[in-house]
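The values are calculated or read from the model by the stated rules, or taken from the named source; none is laboratory data. Remember, predicted model here, so these are calculated numbers, not experimental data. As a convention, Cβ positions derive from the backbone with ideal geometry for all residues, glycine included, and neighbour counts pool all protein chains shown. Calculation scope for accessible area: heavy atoms of the full protein, side chains included, ligands and nucleic acids excluded. Shrake-Rupley method; radii C 1.70, N 1.55, O 1.52, S 1.80 Å.
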Amino acid sequence: MFAEEIAELNLKKQPIEVGAIYKHFEGELYEVLSLAIHFETEENTVVYKSLKTKKIYVRPLKTWSEIVTM
């Protein structure tokens, strides 16, 4: 399933690259550290770090590139 989700993101022209910097819609910058699988749920996730606060976060892969309606 992990490869299928990445392939789906590639079709949307939104590949996730480890080491790349991404800008949140509110302006903060984040660096992708790794792609991972949640231990208990086996959900595919993105591990990333805020360049401002240096905090590390984990987010479901399927929500990483969601379109935000404001």
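Before moving on, here are some points about what is shown:
- So Glu4, is it assigned to a loop (DSSP other than H, G, I, E, B) and either open to solvent by 80 Å² or more (accessible area, probe 1.4 Å) or modelled with pLDDT of 90 or more (or both): no
- Screening the range 16-70 for strands (runs of 3 or more DSSP E) wholly inside it with 2 or more residues that are touching a helix residue (DSSP H, G or I) at 6+ places or on another chain (Cβ under 7 Å) and loosely packed, with under 13 Cβ neighbours inside 10 Å returns no ranges.
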